[in-house]
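The values are calculated or read from the model by the stated rules, or taken from the named source; none is laboratory data. As the structure is a prediction and not an experimental result, all values here were calculated from the model. As a convention, Cβ positions derive from the backbone with ideal geometry for all residues, glycine included, and neighbour counts pool all protein chains shown.
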Amino acid sequence: MTKKRFTLHIAAICTLLLLIVSCNAVKRVPQNKNLLVKNRILVDSLAPDDPRVKTLPALQPNTKLPLIGYPLRLHIYNLARPNKDSLVAAWKNSHSGTDEFLENTLSRKQTNKLYNSLIDFNKWLKRTGESPAIIDKELVTKSEERLKAWYWNQGYFNTEVSHEIIEKSRKKRAEILYKVERNRPYIIDSIKSKIESTAIDSLYQITKGKSFVVAGEQYLSQNFTDERDRLNTYFRNHGAYHMEKEYIKFEGDTVNTDHKANITLIIKDREEQLGDSTYTTPFRVHKISKVNIIPDYTNELDSIPADTTRYEDYNIIRYGKRKYRSNTLTDAVFFHEGDIYRDLDRDRTYKRITELQSFLYPQIRYVSDPADSTGRDLIANVLLTSKKKFNVKIAPEATHSNIQTLGIGLNTSLLIRNLFKGSELLDISFRGNIGASSNAATGDSRFFDLQEFGADARLSFPRLFVPFETDGFIPKYMSPSTDFTIGFTSQTNIGLDKQSLQGALRYNWQQTPVKSTIFELVNAQYVRNLDPGNFFNVYRSSYGSLNDIANDLSLSSPTYVNDEGDLIVPDGTSQFIQDGLNGTLSTTAEQQQIIRNIRERRQRLSQNNLIISSSYNWIRNNRQGIYDDDFSRISVRVELAGNVLAGISDLVGVEENSNGQKEVFGVEFSQYVKTEFDYVKHWQYYNGHVLAIRTFAGIAIPYGNSDNIPFIRSFFAGGPNDNRAWQAYELGPGRTGGINDFNEANMKIALNAEYRFPITGAFKGAVFADIGNIWNVLDSEDDPDAIFNDFSDLGALAIGTGVGLRYDFGFFVMRLDAGFKTYNPAADPGERWFKEMKFNRAVLNVGINYPF
């Protein structure tokens, strides 16, 4: 973009902002009308405790941007002309000469497009903006009715609501004051029942002690709603197949009762239609007399002969060849012959069949057993339709990161269902990526100098693959499953050229709808660095520190430096480190310490890794779908690595190497314990406002065969999903100031808070605060600024604040965040607070979906 065009763009944006700011808020408010600027509600002369009361008035003030309180959408709406299309037509009639000139210059078609674009822009302004909240008598009356209904549902049956319109000193503006007098509430005095069906009455007598409606408590409508739901669920889980909530009713008597409510539960017999006649039938407790499982059901199977197999107490009716083992089908069904009908068993069956991923839209149909004259027996038909056995996916992708400026990739996967006739899933995927690096660390002159390819395979079993019975402590309603995974990756993307081989045996089960467990019995990973000699070409900050010492020593020998006086990679750097530590060079104690730290970092980041670990992860998540913005999630994870290898090496007498470590297949294996705690909480407020917080704490302690944590198991700070005022890997450890290229440590604390709010349409905004850092603890690090010794080191927690803009596409959210370093613990003591809160120092983060 040229300087002239850039100036024009800035001028246009400034002009639009000036128009918006200078707009009159009451520009579209008619004469003798007022713009509502505020609602005030007083309940018994006090402000209401429940914030939801503020949302009850049908007429609300125009939405304002948080913090600054500016009604942006109202001003956008005011920029629009009320009747733009008619104005354009009138303008054309009164400026026929100009219209003719435009037609001769552009053509009639282009001229009409110009007029239509003006009309469309005007419509866009109206659609994006928000019409003024004009005080209307009908809406005020409706607001009073809503307030009255709100408190009526809380037992204040004699609530009185009045209002007062208070005009402001500024023209055409007013606020509404609602005054609510609740008066004396009603208390539940007695609870009786009137149930026509003997079976339902018997069930009610068993469960009435758990009622939400309790004598002596204040009348609350929500308690009656909850009680209807509870009774309906209880009855349907105890055989009442035909029960519906509509049959469960409550009647209250409040006439001359001195503010007491006498409640009667009424459940009448169900109604049935036979021709033109309607008659009633008592509810019964139904049981299942027969279960038919049809694994290849379609609507066109009438002409195909059926093959019926009796397995346990199920009838498996097959059409065509046998695709599934019998126990695979019956393990997914949670009801048996002779069982009382239960919604719970039906729902668990639906869920389990869906989890198998082998069938389309399972159906369960219950019909009366014609062999039973009492009408109590039901035949359950489980109707299944198989998905295609093979499924192929091809997905291209483009990526960007701090390592590569541009990446182009292709992912392909092959899914094979029902591999061994037990509804197993085999997922084989291949991926390849080429990219252009963001620096010259690789030394490759090609534009696409980064490559990565890999392959993964995952074999899933819909059960726990163990040599013993688990139904006693992990029953099948917990949806147990087993995953065998193996993967290989080869990458040339940070200069060291890594290859890794990984495999795992993982068990999964879900104790309740909100609690789940992931247990990895074995997770084995081998990482091989193909080009460790290229370390100083990649980690330039380490090279710079080492080169500065060489320059201070005025080295000129070609053994160490090139013609420019810089250390040669890799031979010169290696020889310099060796001679700088053994006394050959005149290095000071401080310089030797720096060299020793750099050598240890190079050894740790360029060494091969062998990690064999086990982990346990417990998760509690009550989120109901992706659109639920009122939930909490807790994750606790513990990982142990290297203990099995340590025990075997001790048993067979493996000798220690020169570093004092034991090796397996020529590689030092890692040994550590790692724990992580992650808590996320969202509170949803009115009008799409959400407050979200996150708390994370993690620590990994090396022991035995390790004195540090492998890079791939360490913690890092910064980035779009962490502390957004720092780039990924740039924060910490401690007060060191991110002196390395990729900073990591073995302890982390992160605290995040974000307030989200709608702006207009799919655009949403956010303000956030991120607190956190990483430290080294109980490992080989000896830099005191990087080590966590006691609680006083929490003073090194970095604070970042900022604002964000999101666009909600429905199935994902595009996110842009600007973070500002509010407190930088690495700065000098007098420069830590607010010194970097400048727009030219902001860190921009682009992400997909919300950070937590």
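Being at pLDDT 90 or above and not hydrophobic (A, V, I, L, M, F, W, C) is the filter here; which residues of the range 257-277 pass it? Scanning the range 257-277 gives Thr257, Asp258, His259, Lys260, Asn262, Thr264, Lys268, Asp269, Arg270. The residue of the range 722-770 that is modelled with the lowest pLDDT, among those that are surrounded by fewer than 20 Cβ atoms within 10 Å (Cβ to Cβ), hydrophobic (A, V, I, L, M, F, W, C) and in a strand (DSSP E or B), is Ile759. Contact map, the range 829-850: residues that are loosely packed, with under 11 Cβ neighbours inside 10 Å paired with residues that are in a loop (DSSP other than H, G, I, E, B), Cβ distance under 8 Å, separation 6+ or inter-chain. Pairs shown: Val846/Pro720; Ile848/Phe812.
Within the range 342-363, is even one residue free of Cβ contacts under 8 Å to residues at least 12 places away in the same chain and in a strand (DSSP E or B)?
First, the residues of the range 342-363 that are free of Cβ contacts under 8 Å to residues at least 12 places away in the same chain: 345, 347, 354.
Now drop any that are not in a strand (DSSP E or B), which leaves none.
No.
The residues in the range 319-331 that are of a type in the set (A, V, I, L, M, F, W, C) and either over 16 Å from Lys290 (Cα atoms) or not assigned by TED's automatic domain parsing to the domain that holds Tyr297 (or both) can be counted, and the count is 0.
Taken over the range 364-390, the criterion of being touching a residue at least 40 places away in the same chain (Cβ under 8 Å) and outside any loop (DSSP other than H, G, I, E, B) is satisfied by Tyr366, Asp377, Leu378, Ile379, Ala380, Asn381, Val382, Leu383, Leu384, Thr385, Ser386. Looking across the range 397-423 at every residue that is surrounded by fewer than 14 Cβ atoms within 10 Å (Cβ to Cβ) and within 24 Å of the chain's Cα centre (by Cα), the one that is modelled with the lowest pLDDT is identified as Ser401. For Tyr686, the test of being under 30 Å from Asp808 (Cβ atoms) and either surrounded by fewer than 18 Cβ atoms within 10 Å (Cβ to Cβ) or among the aliphatic types (A, V, I, L, M) (or both) is passed.
Tell me, yes or no, whether the range 617-625 has at least one residue that is exposed (fewer than 15 other Cβ atoms within 10 Å of the Cβ), in contact with a strand residue (DSSP E or B) (Cβ under 9 Å, 6 or more places away or on another chain), in the same structural domain as Ala745 (by TED's automatic domain parsing) and not β-branched (Val, Ile, Thr). I'd like the intermediate steps shown before the answer.
Residues of the range 617-625 exposed (fewer than 15 other Cβ atoms within 10 Å of the Cβ): 622, 624-625.
This time we only want the ones that are in contact with a strand residue (DSSP E or B) (Cβ under 9 Å, 6 or more places away or on another chain), so: 622, 624.
From what is left, the residues that are in the same structural domain as Ala745 (by TED's automatic domain parsing) are none.
Checking the range 617-625: not a single residue is exposed (fewer than 15 other Cβ atoms within 10 Å of the Cβ), in contact with a strand residue (DSSP E or B) (Cβ under 9 Å, 6 or more places away or on another chain), in the same structural domain as Ala745 (by TED's automatic domain parsing) and not β-branched (Val, Ile, Thr).
Within the range 513-533, the set of residues being within 22 Å of Tyr477 (Cα to Cα) and not in a strand (DSSP E or B) comprises Pro513, Val514.
Here Tyr234 passes the criteria (1) out of contact with any strand residue (DSSP E or B) (no Cβ under 6 Å at 6 or more places or on another chain); (2) part of a loop (DSSP other than H, G, I, E, B) except the one numbered (2). Answer yes if at least one residue in the range 505-512 is under 31 Å from the mean Cα position of the chain (by Cα), over 30 Å from Glu355 (Cα atoms), part of a strand (DSSP E or B) and at pLDDT 90 or above, and no otherwise. The answer is no; no qualifying residue exists. Of all the numbered requirements in (1) assigned to a helix (DSSP H, G or I); (2) more than 28 Å from Lys148 (Cα to Cα), Met243 misses one, and that requirement is (1). Taking the options Val673, Val664, Val680, name whichever one is surrounded by 15 or more Cβ atoms within 10 Å (Cβ to Cβ), touching a Leu at 6+ places or on another chain (Cβ under 7 Å) and under 30 Å from Pro851 (Cβ atoms). Answer to the check: Val673.
Do any helices (runs of 4 or more DSSP H) lying entirely in the range 107-217 carry at least 3 residues that are within 29 Å of Asn62 (Cβ to Cβ) and at pLDDT 95 or above, and which ones are they? In the range 107-217, 137-152 are the helices (runs of 4 or more DSSP H) which contain 3 or more residues that are within 29 Å of Asn62 (Cβ to Cβ) and at pLDDT 95 or above.
Going through (1) part of a strand (DSSP E or B); (2) surrounded by 14 or more Cβ atoms within 10 Å (Cβ to Cβ) one by one, Thr225 falls short only on (1).
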